[in-house]
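Structure record follows, encoded as structure tokens.
What follows draws every value from the coordinates through simple rules; no lab data is involved. Just so it is clear, the structure is predicted and the values come from calculations on it, not from any experiment. Don't worry about glycine lacking a Cβ; one is built from the backbone with ideal geometry, like all the others, and counts go over all protein chains shown.
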Amino acid sequence: MIFTDDHWATILGEIRKESGFSTSDLSRLSGIKASTIENYEHKKIIHPSIYRMEILLKAMDYDLDAIKR
């Protein structure tokens, strides 16, 4: 399955907000800078790292395998 960059930005933003996390909260839980998370969500990073997306999703108790298009 191929995901577009917009798809990841949407998934990350929706899950983060649904989970009640601020970017600072997610940064603290994942070890990924809040500015990087914001850049993913605002589509400023063109090709998000699948490795980092997996870390962010796991920090919010989501599994990358469960994300479907």
Calculate the dipole size of the chain relative to its Cα centre from +1 charges on Lys and Arg beta carbons and -1 charges on Asp and Glu beta carbons; express the result in debye to the nearest 20.
-> 160 debye
For every helix of n ≥ 4 consecutive DSSP H residues, a contribution of -39,500 (n - 2.57) applies; sum these over the chain, divide by its total residues, and give [θ] at 222 nm rounded to the nearest 500 deg cm²/dmol.
-> -17500 deg cm²/dmol
Is any residue of the range 14-36 close enough, with backbone N under 19 Å, to a label point placed 7 angstrom from the Cα of His42 along the Cα-Cβ axis, and if so, which?
-> 14-17, 21-28, 32-36
